[in-house]
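Data first, discussion second: the structure below is written as structure tokens.
The values are calculated or read from the model by the stated rules, or taken from the named source; none is laboratory data. Since the model is a prediction, treat every value here as computed from it, not as a measurement. Cβ placement follows ideal geometry from the backbone for every residue including glycine, while neighbour counts extend to all protein chains displayed.
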Amino acid sequence: MKAYVSIDIEGLPGIASTTMVSPGYTQYSRGSRIMTMIAKETAKALLNNGFDKVVIADSHGYMTNIDYLELPKNTSLIQGFPRPYSMLTGLDNSYDSVLFIGYHTAAGTMHGFLDHTMSGKVFAEIKLNGRRASEYLINALVAGEKGVPVILVAGDSLLRDEVSKYTPWAVFIGFKQGITRYAAIYESIGDVLDKLREGIAEAINRLRKGEVKPLVLDKPYIVEIMLRDELLGDVLETWDILERIDAYRFRYEANSAHNVLAIIELIAFIGYGVYALKERLR
């Protein structure tokens, strides 16, 4: 069996400050160490429970956070940014399952630790078919189109309800509890790792028993995005795939989750370019 593991950082235990999530910041080495430890233990647990191959996608920021030298045999690591389909690069129907580790709540979630969706700098909120959407939901739909089921999600406990609604067959592990956007509580790393190992064993048991399935929702998908910058909205207004609702909000329709994600990613990159332009206009 082969597992795909997408690992983000904001939903990991021990992460409680923006100084821990970006290279060059004062506590980034601690964040990288935690992310590496979780990645290593996840791979070991999967391999110890019957998987032959584990592919880990480093899925935060510049996507070079995990120390390659720490990973066990029979594990591959996807790193680097930008890359196609971001947190799910290379996922196809050859995988038996996908796991989302260190995932956080959607942009606009009250008390969600560092809540955002795809790009906190560009998007204030993203809705899918009228409901606030997280990276978990969008990525689960993309995986579902490949026929790959989500078997485990671990991260901010405030994500639990969304996981229970859309993929109730997936094991959920609360790594931390958001208190405010910049504060959280979490158990010791030993306790967290015990829960992770137990959760992975249970997820694999459900997979073997045929209790899991790929996520599929009715189409077309109606996506509504709220931007943080009106100038970006002015730039996007000429893109006829998008309907502008007001200064900050746009709507578009997609017939696949891949298109949902691709358009979001393109808007994010355009946004980065607009922000870079604004910095030059001084």
Does the stretch 158-166 contain at least one residue that is touching a residue at least 60 places away in the same chain (Cβ under 8 Å), closer than 25 Å to Ile222 by Cα and under 16 Å from the mean Cα position of the chain (by Cα)? yes
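Answer yes if at least one residue in the stretch 74-85 is basic (Lys, Arg), surrounded by fewer than 24 Cβ atoms within 10 Å (Cβ to Cβ) and under 18 Å from Met1 (Cβ atoms), and no otherwise.
No, the stretch 74-85 contains no residue that is basic (Lys, Arg), surrounded by fewer than 24 Cβ atoms within 10 Å (Cβ to Cβ) and under 18 Å from Met1 (Cβ atoms).
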I want to confirm something. Restricting to the stretch 129-157 and keeping residues that are without any contact (Cβ under 8 Å) to a residue 60 or more places away in the chain and of a type in the set (D, E, K, R), which single residue is nearest to Pro220 (Cα to Cα)? Arg131
Only one of these conditions is not met by Leu215: (1) in contact (Cβ under 8 Å) with a residue 40 or more places away in the chain; (2) among the aliphatic types (A, V, I, L, M); (3) in the same structural domain as Leu12 (by TED's automatic domain parsing). Which number is it? (3)
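May I ask you to list the residues in the stretch 237-260 that are aliphatic (A, V, I, L, M) and over 25 Å from Leu141 (Cα atoms)?
Hits for the stretch 237-260 are Ile245, Ala247.
Sort out which residues of the stretch 78-113 are assigned to a loop (DSSP other than H, G, I, E, B), touching a Ser or Thr at 6+ places or on another chain (Cβ under 7 Å) and closer than 18 Å to Ser134 by Cβ, and write them in order of number.
Let us first name the residues in the stretch 78-113 that are assigned to a loop (DSSP other than H, G, I, E, B), namely 79-85, 89-96, 104-113.
Right, trim to touching a Ser or Thr at 6+ places or on another chain (Cβ under 7 Å) and you get 79-80, 83, 105-107, 111-112.
Listed by number, the residues that qualify are Thr105, Ala106, Ala107, His111, Gly112.
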Leu69: surrounded by fewer than 17 Cβ atoms within 10 Å (Cβ to Cβ), in the same structural domain as Leu114 (by TED's automatic domain parsing), assigned to a helix (DSSP H, G or I) and among the aliphatic types (A, V, I, L, M), yes or no? yes
Of Tyr25, Tyr95, which residue is surrounded by fewer than 18 Cβ atoms within 10 Å (Cβ to Cβ) and on the phi < 0 side of the Ramachandran plot? Tyr25
Identify all residues within the stretch 198-233 that are assigned to a helix (DSSP H, G or I) and crowded, with 17+ Cβ neighbours inside 10 Å; write none if there are none. Gly199, Ile200, Ala203, Ile204, Arg206, Leu207, Leu232, Gly233
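Could you go through the stretch 10-21 and let me know if any residue there is in the same structural domain as His116 (by TED's automatic domain parsing), out of contact with any Lys or Arg (no Cβ under 6 Å at 6 or more places or on another chain) and over 22 Å from Gly178 (Cβ atoms). Full working, then the answer.
Residues of the stretch 10-21 in the same structural domain as His116 (by TED's automatic domain parsing): 10-21.
Right, trim to out of contact with any Lys or Arg (no Cβ under 6 Å at 6 or more places or on another chain) and you get 10-12, 14-19, 21.
Filter once more, keeping what is over 22 Å from Gly178 (Cβ atoms): none.
No - not one qualifying residue is present in the stretch 10-21.
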Only listed residue being crowded, with 18+ Cβ neighbours inside 10 Å, within 19 Å of the chain's Cα centre (by Cα), part of a loop (DSSP other than H, G, I, E, B) and among the small types (Gly, Ala, Ser), chosen from Ala43, Ala16, Ala57, Ala3: Ala16
